[in-house]
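Take a look at the structure set out below.
The values are calculated or read from the model by the stated rules, or taken from the named source; none is laboratory data. Because the structure is a prediction, the values reported are computed rather than measured. Don't worry about glycine lacking a Cβ; one is built from the backbone with ideal geometry, like all the others, and counts go over all protein chains shown. For the accessible areas, the whole protein counts, side chains as well, though only heavy atoms, and no ligand, DNA or RNA atoms are used. Shrake-Rupley method; radii C 1.70, N 1.55, O 1.52, S 1.80 Å.
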Amino acid sequence: MKSEPTPAVTIKFTDLNLIEPIQAAIRATGYETPTAIQAQAIPHLLAGKDLLGCAQTGTGKTAAFALPILNTVAQSKNYPAAKHASVLILTPTRELALQIFENFKTYGQNVNVKIAVAYGGVGIGPQIKALQDGVDILIATPGRLLDLIEQNKLSLKQVNTFVLDEADRMLDMGFIHDIKKVITMIPKQRQTLFFSATMPVEIEKLASTMLNKPVRIEVNPVSSTAEKVTQYVMYVEQSKKRDLLRHVLKDPKFNRVIVFTRTKHGANRVTELLAKNQIRSEAIHGNKSQNARQRALDAFKDGKIQVLIATDIAARGIDVDGISHVINFEVPNVAESYVHRIGRTARAGAAGIAISFCDTEEKSYIRDIEKIIGQAIPIDREHPYHSDAVESAHIMSKGKAKASIERGGGGRRGNGFSGGGKSGGDGAGGGPKKKSSRSKNKKYFTGFKGS
């Protein structure tokens, strides 16, 4: 299965075979030229082909599948029966589900399509009610989807298009068994779209069981980090990371910053630290309620807070323009996570800066990151907390480094905000098969943003 090349994009959206109501919605957003993945994927998806897409967030991936799906559904003469959906989009987190939902609302504003989004952390009642009459497009997290099915409030027997988004993150979060269960519930005759930012062996195997003669498209592979991200590493004693964070955030250039921690507990501790120093911030992670997470994201987007503290699992739902800096307060132990973290900045062609605070144990992680991005990360010594001892320290094995961090080595539990366990993800029938015709006069969207 060959990958399609990524040529320089020369076409415009008007060159794509999309109906006028969708073209009008695209014009309203101000976009004229599709991204590489949009230009390559949309014609194949309009033709009904399966797709295997290797693309990170920030590449325009969501619109690449949202536009052709809306185009197809809007022209369909069939409407799903009660408690059924025609299109299922499975995504790992609440934030990403909402982000996709907003994209579908934007591009589908002029067509007669019913869209719903279902995720955990809020009451299930409104979601059950919205599915009663059936929906064209359902965007869901695995846990809540299976909850609805087990309560006989949803059937997947009429799904004709299935999208699995962020497949690698699904595996990281332990959703592989849920995905396999869902696949058994949808018809074998369907169009399947499979997206993943990385393509390890496990993902390739999963894709091979789901796809039928797919077109494969690779855009911005994980080893090529965003070209406009300026990257630095600051070597610092673990006990001085808090002081270094306070120091850099005093710089007015750090006006919209995401700080990444390894755990939920660490995120909360950083938030407390910044609050004590009158730095406006909020944390976003799996233990926060959905409403709290959305309020934090909205405040960050609106510029009401300077800093958003996040864990890796929450990160993929963060789609905010104008982020000036990403700070790795704790270096991730998975190199691919580094790429996703720094990809929060330098979006849509803008410039951005990523800084990693690295202590002795984390040097092995930096080494792995440099291997995967294919370049050495420049060292920034021009700050008062630079540690020659950390910079010159022996690089321990990754296993020893991880064990030391988990033990709380170097006073880590007292000063480095570690602990707190893994960041959690979001939670998982029958129904009549009668199909009804699509109403000619109604245009409506259904979301479940409250409990």
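Descriptive notes on the structure:
- Unmet requirement for LYS49, which otherwise passes all of (1) at pLDDT 95 or above; (2) assigned to a helix (DSSP H, G or I): (2)
- Given (1) closer than 28 Å to ASN287 by Cβ; (2) at pLDDT 95 or above; (3) not in a loop (DSSP other than H, G, I, E, B), index of the condition PHE195 fails: (2)
- Taking the listed residues PRO92, PRO126, the one that is in contact with a Phe, Trp or Tyr (Cβ under 8 Å, 6 or more places away or on another chain) and open to solvent by 30 Å² or more (accessible area, probe 1.4 Å) is PRO126, with no other qualifying.
- Every pair of residues 6+ apart whose Cβ atoms lie under 7 Å, when the first sits in the stretch 22-44 and is at pLDDT 95 or above while the second is in a helix (DSSP H, G or I) and among the polar types (S, T, N, Q): ILE22/ASN71; GLN23/THR14
Quick grid of which residues meet (1) surrounded by 15 or more Cβ atoms within 10 Å (Cβ to Cβ); (2) more than 23 Å from SER196 (Cβ to Cβ); (3) in contact with a strand residue (DSSP E or B) (Cβ under 7 Å, 6 or more places away or on another chain):
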| residue | (1), (2), (3) |
| --- | --- |
| PRO332 | yes, no, no |
| ILE342 | yes, no, yes |
| SER387 | yes, yes, yes |
| SER404 | yes, yes, no |
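- So LYS157, is it surrounded by fewer than 18 Cβ atoms within 10 Å (Cβ to Cβ), modelled with pLDDT under 95 and under 25 Å from LYS49 (Cα atoms): no
- Within the stretch 262-297, being out of contact with any Lys or Arg (no Cβ under 7 Å at 6 or more places or on another chain), over 23 Å from ASP251 (Cβ atoms) and of a type in the set (Gly, Ala, Ser) holds for SER289, ALA292.
- Contact annotation: residue pairs with Cβ atoms under 6 Å, 6 or more positions apart or on different chains, pairing a residue in the stretch 137-158 that is under 27 Å from TYR107 (Cα atoms) and polar (S, T, N, Q) with a partner that is in a strand (DSSP E or B) and open to solvent by less than 10 Å² (accessible area, probe 1.4 Å), are SER155/HIS84; GLN158/HIS84.
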